[in-house]
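The values are calculated or read from the model by the stated rules, or taken from the named source; none is laboratory data. For clarity, every value in this text was computed on a predicted model and none was experimentally measured. Methodologically, a virtual Cβ is constructed for each residue, glycine included, from the backbone with ideal geometry; neighbour enumeration extends over all protein chains shown. Side chains included, ligands, DNA and RNA excluded: accessible areas come from the protein's heavy atoms. Shrake-Rupley method; radii C 1.70, N 1.55, O 1.52, S 1.80 Å.
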Amino acid sequence: MNKYILNIKGMRCGMCEMHVQDAVRNKYNIVKAKASYLKKELIVISELDLSIDDFHLAIDPTGYEIINYQKQEAKKGFFGWK
């Protein structure tokens with residue numbers, strides 16, 4: 001399982017979070033997407049091996065900008081994904 005941490009520029013409220021999350025959910029079959037406008041961050045858990053270009057295809061049309069991209073191994077914890 002893969003964990004992606006993306007810093008997103010332009011999110012300012014809860015609706016912005018939903019737009020970013022939905023953009024990724026609608027484009028790819030992912031396990032979880034969680035955005036935070038306060039942290040300016042999107043965390044995605046997926047079995048797919050997604051590149052920065054894949055995320056640009058999903059997020060760029062929404063008007064938000066990806067500033068940074070990190071990929072890690074996701075681990076299932078007792079209370080969810082880590």
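Criterion first (surrounded by 14 or more Cβ atoms within 10 Å (Cβ to Cβ), under 12 Å from the mean Cα position of the chain (by Cα), on the phi > 0 side of the Ramachandran plot and not aromatic (Phe, Trp, Tyr)) does residue 40 satisfy it? First the steps, then the outcome.
Numbers: surrounded by 14 or more Cβ atoms within 10 Å (Cβ to Cβ): yes; under 12 Å from the mean Cα position of the chain (by Cα): yes; on the phi > 0 side of the Ramachandran plot: yes; not aromatic (Phe, Trp, Tyr): yes.
So residue 40 fits the description; yes.
For the range 3-20, the criterion of a residue being without any contact (Cβ under 8 Å) to a residue 60 or more places away in the chain and touching a Cys at 6+ places or on another chain (Cβ under 6 Å) is satisfied by no position. For the range 1-48, give me each residue that is outside any helix (DSSP H, G or I) and more than 20 Å from residue 80 (Cα to Cα). Residues satisfying the conditions are 7, 8, 9, 10, 11, 12, 13, 28, 37, 38, 40. With respect to being touching a residue at least 24 places away in the same chain (Cβ under 8 Å), of a type outside the set (A, V, I, L, M, F, W, C), at negative phi and open to solvent by 10 Å² or more (accessible area, probe 1.4 Å), residue 28 fits the description.
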